[in-house]
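Okay, so here's the structure we're looking at.
Nothing in this text is a laboratory measurement; each read-out follows from the coordinates by a stated rule. Computed from a predicted model, the values in this text were never measured in an experiment. Positions of Cβ are generated from backbone atoms using ideal geometry, with glycine treated the same way; all protein chains shown enter the neighbour counts.
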Amino acid sequence: MSTFGSIKIISQPISRSALSELAKETFGDMIKAVVDVDKKIVFIEFDSMINIKPRQGNRSRGVESEEVRKKIKDVVHILII
């Protein structure tokens, strides 16, 4: 895991207990994350993020594309052990 400002970058598997420790440092029992499905890495955020990307057909805060949601799940299942 590397750190860039207030962002933790997960590029190797990390345990759920390590994630729990990160959560305790910020939101108690919640981790906010961004998944880069192309690079297959997870960014643990300590700031608010939104997912509105109209040019990519995403007009809400959620990920509307089933294909992208599957890619996100695949990356998370690889990196969160």
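For the chain, with a Gaussian network of springs between Cα atoms less than 10 Å apart, report the residue from Lys71, Lys24, Lys40 with the top mean-square fluctuation. Between Lys71, Lys24, Lys40, it is Lys24 that shows the largest mean-square fluctuation.
Each Lys or Arg adds one and each Asp or Glu subtracts one; over the other residues with Cβ under 12 Å from the Cβ of Leu19, this totals +1. Full extension of the chain between Ile31 and Arg16 gives 4.3 nm of extra length, using 0.36 nm per residue less the Cα-Cα distance.
Of the residues Arg59, Arg16, Arg69, the one that moves most in a GNM of the chain with alpha-carbon contacts below 10 Å is Arg59. In region 2-79, taking the dipole from charged Cβ atoms about the Cα centre, the farthest positive-side position among Ser15, Ile78, Val37 is held by Val37.
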